[in-house]
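Take a look at the structure set out below.
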Amino acid sequence: MALSSSLARLNACWRKKMRVDVAVIGGGPAGLAAAAEASKEASVVIIERNEELGGILQQCIHPGFGNFIFGEMLTGPEYATRFIEKVRAAGVDIMLETTVLEIENKKIIASGRNGIVEIEAKAIILATGCRERTRQQILIPGTRPAGIYTAGCAQRLINIDGVMPGRKVVILGSGDVGLIMARRFTLEGAEVEGVYEIMPKPGGLMRNVVQCLHDFDIPLHLRHTIIDIKGKKRVEGVVVAKVDENLKPIKGTERYVECDCVVLAVGLIPENEIAKKAGVEMDAITGGAIVDEGMETSVDGIFACGNAVHVHDLVDDVTIEAELAGKMAAKYVNGMEERKGLLKVKAGKNVRYVVPQMLRGKDIETIRFSFRVKKEMENARVVVKAGEEVIAERKERIVRPPEMVKILAEAKKIWEIRKEVMVEVEEV
Amino acid sequence: MKEMICIQCPVGCKLIIRKKGEEIYVEGNKCKRGKEYAINELRNPTRILTTTVFIEGGKGKHEMLPVKSDREIPKDLLEHAMKELAGVRVKAPVKCGDIVFKNIANTGVNIIATRDMEEK
Ligand SMILES: Cc1cc2nc3c(=O)[nH]c(=O)nc-3n(C[C@H](O)[C@H](O)[C@H](O)COP(=O)(O)OP(=O)(O)OC[C@H]3O[C@@H](n4cnc5c(N)ncnc54)[C@H](O)[C@@H]3O)c2cc1C
Ligand code: SF4
C-alpha cells in the first residue's frame, strides 16, 4: 500500500512533459499520412503503441495496396515503407511503444517505456484503426477449447511470429480478412475445409473471392454459419448449418466438420475508447467518430481519420482521408480555420452511412463523400442533394456493400443552398 | 465447359467458357476485356506469390520476413515455389527489394524482400 503510493509519487515527479502543435495517435497508414501532411506547416509527433510504425499493414503481406495512389499493386509492408520514409524525411517526432491512455482537454496521457508521458497538443489526430469482433460478440455456443483465433490474430501468428495456428481450418466470414487468410493457410500447406458466410453474398472484394478461393478450389458456403464448436482442450470440430431469411439456422441442415482450428473473420469495429472518453461524438452505424468535411470531430481541434472513422476496404482511401485530416489540423493550429455554419449530411435511399456526417463550411473546394450501400444494385445513379436540388451525380455500373463508394461535390453550391445534404443511390 | 468470374473491373461478370478444338468461346462478358481475361486464364494463368521466410537476428519480435516474387509466376507452380522457400533462412539486416532467393521454381523469377529489417 505504502509502497505503491510512494511509487505513484515518484512516477508523478518523473512524468515527462512535452508540447507539440499536432499529436497523431496511431502510426498506421492513417497516422503516417496525416503526420506527413501536417508536418508541412506544424510540429508533429506520432504516438504508437507497437514497437514499429505501419499498423496493420506490417502483417498484410499480400499484394493489393496502392493501386490508386501509386498505380501498382504493392504489399502492405511495401506501402507502409513508403510512408514511413516520408515521415522520417519530414522530421516528424516518433514515440514507439507508447500507448495513449486518455485525452483530457488536449492533454494526452500516455504510458511508454520510461513511464507516463504528458503531451500537450494544440490539435490531436485520432488514427487508432479498428479491432476485430470476437466470438463473444457473435455468440457461438459450445466449449472454449484452444484453436479458435480471430483472423487478424492468425495472420499475425503466421506472418510475423512464424507459427501455424492449425492444420485443418474452418473459416467463418467471407470479408477480405477471411478470404486472404484462406489463401495464406492453403499456401502454407494447411487444409481449409471451407469458408462459411451467413449472408447470401460474399463480404469481401470480388478479386479476393476469385484469387483467394477459386484459385485454390476452396468452397464458399453462403447462407451458412457455425452453430457449435466441439472439443475439450483443443478444437475437434464444428457444427455448421444453413440459415433461413432471418439468419436463423434451419433444422435438419446441420453437418459436423472435423477441424483443429476455427478462424473468425466476422468483422471489424473502429477502435475509439480514448475518443469516447475525450467526449468525441460517435456515429452509431460506423462505430467511429462523427466528422466534418475536414475530418474534425465534434470536439474542436480533435480530428480523426482511417479505420477509426469507418472501416475501409482500400488503404488508398485511408491515405487520402488522412492527408486531409493532417492538412486541416495544421490549419487549425495556425489559426487559419474557417467555418460558415453547420449542415447535416444524411444517408438517403440505399445508403447505409455517409462520411462526413456534417459540414461546417471550411475552405475546401470539393467535398468528398464516402459511403456504403445497403444492397447490391446494377446501373445505379449516385446523387448528392442539398435540400431538393441535385448538386452532384454519377452513374455506377454496379455498387456493392463491400466496396466503399465515393462522390465529389462542389462546396460552393452546397453553401449557396444551405440546406441539409443527402446522398442517395437509385436504379436507372 | 468452365465458369469463372472476370475481375478486370468491379462488375464481375460471370463468364461461361467453351472449348471447341483450339477455338475458345466466351459468354456472359459485358465487354471484350472479359474474353481476353478468360483466354489468358485458360492458357497461362499467372500470379504474384507473396509469403514469408525465416529471418535471423531481426529487430523486435519478427521471426519472419515478408517476401514476394518480383514478377508473376505460373499459377501451377505456386505450390512448388512454396516448397522451395520452406527452409530458407536469411540474416538481418535486409533492405526492401533485396533478393532472397533466385530463379524460383526454375522460372527465372526472383523472390525479394518487401520490407527493411534492421539488425537486433
Ligand atoms: C487482413 C486485411 C487485409 C486488407 N487488405 C487490403 C488490401 O488488399 N488492399 C487495401 O488497400 N487495403 C486492405 N486492407 C485495409 C487497410 O489495410 C486498412 O484500411 C488500413 O490499414 C487502416 O489504416 P489505419 O491507419 O486506420 O489503421 P491501422 O493500420 O490499424 O493503424 C492503427 C494504429 O494505431 C495504433 N494504436 C491504436 N490505439 C492506440 C493507442 N491508444 N495508443 C497508441 N497507438 C495506438 C495501433 O497500434 C496501430 O498501429 C486490409 C485490412 C486487413 C485487416
Ligand atoms: S467482362 Fe468487362 S464488364 Fe464484365 S467484369 Fe470483365 S471487364 Fe468488367
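The values are calculated or read from the model by the stated rules, or taken from the named source; none is laboratory data. Quick caveat: nothing in here was measured; it's all calculated off a predicted structure. As a convention, Cβ positions derive from the backbone with ideal geometry for all residues, glycine included, and neighbour counts pool all protein chains shown. Note: accessible area is taken over every heavy atom of the protein model, side chains too, but ligands, DNA and RNA are not part of it. Shrake-Rupley method; radii C 1.70, N 1.55, O 1.52, S 1.80 Å.
What does the structure give for B:92-99 when I average, per residue, the other chain Cβ atoms found within 10 Å of the residue Cβ?
Whole-number average of other-chain Cβ neighbours for B:92-99 is 1.
With a 1.4 Å probe and all protein chains left in place, how much accessible area per residue does the protein assembly as shown have, in Å²? Show your work: numbers first, answer last.
On the way: 25770 Å² over 548 residues.
I get 47 Å² per residue for this part.
What lysines does B:Lys120 reach when the alpha-carbon gap must be under 25 Å and sequence neighbours fewer than 8 apart in one chain are set aside?
Counting by Cα, and skipping residues close in sequence, B:Lys120 has these lysines nearby: A:Lys86, B:Lys59, B:Lys61, B:Lys68, B:Lys91, B:Lys95.
Quickly work out the B:Arg89-to-A:Glu388 label distance, labels modelled 7 Å from Cα along the C-beta direction, and quote it in nm with one decimal.
Inter-label distance under the simple model: 7.6 nm.
How well do other chains shield peptide A:181-188, expressed as the mean number of their Cβ atoms within 10 Å of each residue Cβ? Please list the in-between numbers first.
Details: counts 0, 0, 2, 3, 0, 3, 9, 4.
Shielding by partners across A:181-188 averages 3.
Please work out whether the range B:2-43 counts as rounded, prolate or oblate from its C-alpha gyration tensor, where a ≥ b ≥ c are the square roots of the eigenvalues and a/c under 1.5 means rounded, while otherwise a/b larger than b/c means prolate and anything else oblate? Could the numbers behind the result be given before it?
Working: a/c = 2.07, a/b = 1.86, b/c = 1.12.
Cα axes put the range B:2-43 in the prolate bin.
Put simply, what bits of the range A:48-62 lose 30 Å² or more of accessible area when the other protein chains are there, versus the chain on its own (1.4 Å probe)?
Hits at the 30 Å² cut-off: A:Glu51, A:Glu52, A:Ile61.
What total accessible surface area, summed over both chains, is buried at the interface between chains A and B, computed with a 1.4 Å probe and given in Å² to the nearest 100?
Values: alone 20140 and 8190 Å², together 25770 Å².
Summing both sides, the interface buries roughly 2600 Å².
To the nearest 20 debye, what charge dipole does chain A have about its Cα centre, counting +1 at the Cβ of each Lys and Arg and -1 at the Cβ of each Asp and Glu? Don't jump to the answer; show the numbers that get you there.
Numbers: 61 positive and 61 negative charges, 191 e Å.
Taking the Cα centre of chain A as origin, the dipole is about 920 debye.
Computing the accessible area with a 1.4 Å probe over protein heavy atoms, can you report the carbon and sulfur percentage for the range B:2-43? Write down the numbers at each step before the final one.
Details: 1370 of 2850 Å².
Carbon-and-sulfur percentage of accessible area, whole number: 48.
Under DSSP H, which helices of chain A have Cα atoms covering 15 Å or more of the helix axis and a Kyte-Doolittle average no less than 0.5? The partial results should precede the final answer.
Details: long enough: A:2-14 (18 Å, 0.62); A:76-89 (20 Å, -0.63); A:176-187 (17 Å, 0.77); A:315-333 (27 Å, 0.31).
Qualifying helices, which must be both long enough and hydrophobic enough, are A:2-14, A:176-187.
With 27 Å as the limit, write out which pairs from A:Lys346/A:Lys395; A:Lys168/A:Lys201; A:Lys395/B:Lys2 have Cα-Cα distances beyond it, or answer none. All intermediate terms of the calculation are to be shown ahead of the outcome.
Details: A:Lys346/A:Lys395 20 Å; A:Lys168/A:Lys201 24 Å; A:Lys395/B:Lys2 32 Å.
Listed pairs above 27 Å: A:Lys395/B:Lys2.
From the square roots a ≥ b ≥ c of the eigenvalues of the alpha-carbon gyration tensor of chain A, which class results: rounded (a/c under 1.5), prolate (a/b over b/c), or oblate?
Judged from the Cα gyration tensor, chain A comes out oblate (a/c at least 1.5, b/c at or above a/b).
Count neighbours as other Cβ atoms within 10 Å of each site's Cβ, and list the trypsin sites (Lys or Arg not before Pro) in the range A:323-416 that are DSSP loop with at most 11 such neighbours.
Working: sites: A:Lys327, A:Lys331, A:Arg339, A:Lys340, A:Lys344, A:Lys346, A:Lys349, A:Arg352, A:Arg360, A:Lys362, A:Arg368, A:Arg372, A:Lys374, A:Lys375, A:Arg381, A:Lys385, A:Arg394, A:Lys395, A:Arg397, A:Lys406, A:Lys412, A:Lys413; in loops: A:Arg339, A:Lys340, A:Lys349, A:Arg360, A:Lys362, A:Lys374, A:Lys375.
Listed in order of number, the matching sites are A:Lys375.
Of the candidates A:Leu96, A:Leu126, A:Leu359, which one comes out as most mobile in a Gaussian network treatment of chain A with C-alpha springs shorter than 10 Å?
A:Leu96
Could you check what % of the DSSP bridge pairs in the protein assembly as shown are antiparallel, to the nearest 5? Please list the in-between numbers first.
Values: 80 of 122 bridges.
Close to 65 percent.
Which one, A:Ala42, A:Gly203, A:Met73, is farthest towards the positive end of the dipole of the protein assembly as shown when Lys and Arg carry +1 and Asp and Glu -1 on their Cβ?
Checked the options; the winner is A:Gly203.
Nearest 500 deg cm²/dmol is fine: what mean residue ellipticity at 222 nm does chain A get from its DSSP H runs of n ≥ 4 alone, each adding -39,500 (n - 2.57), divided by its residue count?
Working: 9 runs with 90 residues, N = 428.
So the helix-based figure for chain A works out to -6000 deg cm²/dmol.
Averaged across the residues of B:11-22, what count of C-beta atoms belonging to other chains lies within 10 Å of each residue's C-beta? Walk me through the intermediate numbers first.
Values: counts 5, 7, 0, 0, 0, 0, 0, 0, 0, 0, 0, 0.
The per-residue average across the peptide is 1.
Can you tell me which of B:59-65, A:55-61 comes out highest on packing, and rank the rest after it, using the mean Cβ neighbours within 10 Å? Each step should come with its number before you reach the end.
Values: B:59-65: 18.0, A:55-61: 23.4.
Ranked by mean Cβ neighbours within 10 Å, highest first: A:55-61, B:59-65.
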